[in-house]
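To start, the structure itself, in structure tokens.
The values are calculated or read from the model by the stated rules, or taken from the named source; none is laboratory data. Just so it is clear, the structure is predicted and the values come from calculations on it, not from any experiment. So basically every Cβ, Gly included, is an ideal-geometry build from the backbone, and we count neighbours across all protein chains shown. Keep in mind that these areas ignore ligands, DNA and RNA; they rest on the heavy atoms of the full protein, side chains included. Shrake-Rupley method; radii C 1.70, N 1.55, O 1.52, S 1.80 Å.
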Amino acid sequence: MPDSQPRQPDDHRADAAGSPASSALTLCGARLADGRIVDVRLGGGRIEAVGTAGTLVAPGARLDLGGHLLLPAPAEPHAHSDTALTADGAGPGAPGPASQHPDDVQRRATEAALLQLGHGATALRSHVRIGDIQGLGALEAVLQARRSLRGLADLTAVAVPRLLTGVAGAGNLAMLRDALKMGAGAVGGCPDLDPDPAGYTEAVLEVAAEHGCPVDLHTDSDDPARLARFAAMAGGMRQGVSIGPCAGLSRLPEEAAARAADQLAAAGVTVICLPQGGCCGAERRGTAPVRLLRAAGVRVAAGSGALRDLANPVGRGDPLEAAFLLASQSGLRPEHAYEAVSTEARRAMGLPEVRVEAGFPAELLAVRGEQLAGVLSLAYSRIVVHRGRVVARTSAVREYCDSETGGSFGLPRQGRPDSAAGGGP
């Protein structure tokens, strides 16, 4: 592919909204996935130019990315900000359940988003419970966290009511509409937990159509008949429709799973799988049959799910780990595995496409390494760019004892100098 030259951006609105003025920054000597070593000039939240290393001379800051692979930044399509980081406060020996006070929820949601930003996710979609005892308190706390993160990461809330049908669901249905007026960016929920799953789904789709917002439902998808009804209802939606984690599809007979995959593909539904484990409300583990879904033409994105809550006390919230698992356990090629946490995740979230080419949003992740497979294996050192500026940096150094000194406790060595600059961690 030839060097990418400056061109008129397609749309400045997404970059300008709430974005601080960004100065020019040139990323120097980065390796792209196709093997080229390039300089990348950023400005105004966009990639202004991409050229052969050493050819872009421009005023402004310069950042040496020698030894790094430069990629489109991943996105997190399935987080749970309101329950993140609560495992330590609810386990054995803990004084009690984690606090649900709005200030505490906001603090945890902010910390969780920053952890995931450090991994590379510059955009996050979080499922937030509404109704029952907490009402809209948790949602308001997550929306406050979103405001505090402006300029660092983009956080979108999905309003998730527990029940939507019958007398018990009437109040939640009204609250769902209030949640969208407050600032929730999508509607969701778990129809599997409602006495009338089909009625629940119909109610969510109706509210989404009223407000012109996306749908993101949490379902195990282990009932082919229910899934067929959902696909039939979702097929006419103009807004994006996603479901996940769909681990139940893996437990169906292959013929039934293939038929369901065909129905989802025809309806244009995206499946968001969770390779790192379950999430809040998921009792059974496993992941969706991603190769079967992809073969049927279903768009498959991957999220992290639980981040150190009761559903997964060791959840990392790391999109590169999700891609690693898709490659190592589900058999996807590394490039397809990474697309699931970047290109497809962004598409599921309704975000603009990102490529390392002029005119595209400057949402980038630089990882020390030379090839994508090695990056997914040992993705330790990372530099994260959001809206054209560096917003997070993680640096890891691996050191070894000097065996020639008999294992003394002096300063360890870092291995070969060329490995530190190339594909090492």
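Tabulated values for the structure
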quantity	calculated
Under the Karplus curve 6.51 cos²θ - 1.76 cosθ + 1.60, θ = phi - 60°, whole-Hz ³J(HN,Hα) for region 189-201, x wherever Gly or Pro sits	x, 10, x, 4, 8, 8, x, 10, x, 5, x, 4, 4
Surface per residue (accessible, 1.4 Å probe) for the chain, Å²	43
GNM flexibility winner over the chain from Ala225, Ala84, Ala141 (Cα, springs under 10 Å)	Ala225
Region 267-346: GluC sites (Glu not before Pro) falling in loop per DSSP and having at most 12 other Cβ within 10 Å	Glu283
Distance between region 359-390 and region 132-175 - C-alpha centres, whole angstrom	31
Within the chain, longest stretch clear of exposed trypsin sites (Lys or Arg not before Pro) (DSSP loop, no more than 12 other Cβ within 10 Å)	1-237
Choice from Glu370, Glu206, Glu76 showing the highest fluctuation, given a GNM over the chain with Cα pairs closer than 10 Å	Glu206
Gain on full stretching of the segment that runs from Val390 to Lys181 - 0.36 nm per residue minus C-alpha separation	72.0 nm
Longest to shortest principal axis, alpha-carbon extents of the chain, angstrom	70, 57, 47
GNM top mover of Pro319, Pro214, Pro59 - the chain, alpha-carbon springs below 10 Å	Pro59
With 5 Å bins from 0: P(r) over region 289-392, alpha-carbon pairs, percent	2, 12, 18, 23, 23, 15, 6, 1, 0
Region 17-86-region 236-308 distance, computed between alpha-carbon centres (Å)	31
Along the chain, longest interval not containing exposed chymotrypsin sites (Phe, Trp or Tyr not before Pro), exposed being DSSP loop plus at most 16 other Cβ atoms within 10 Å	1-379
Gain on full stretching of the segment that runs from Glu206 to Gln100 - 0.36 nm per residue minus C-alpha separation	35.1 nm
FRET efficiency, Cys401 to Tyr380 (Cβ-Cβ, R0 22 Å, nearest 0.05)	0.65
Carbon plus sulfur fraction of accessible area for region 238-328, probe 1.4 Å, in percent	48
Extension reserve of the Ala24-Arg147 stretch, reckoned as 0.36 nm per residue once the Cα distance is removed	41.8 nm
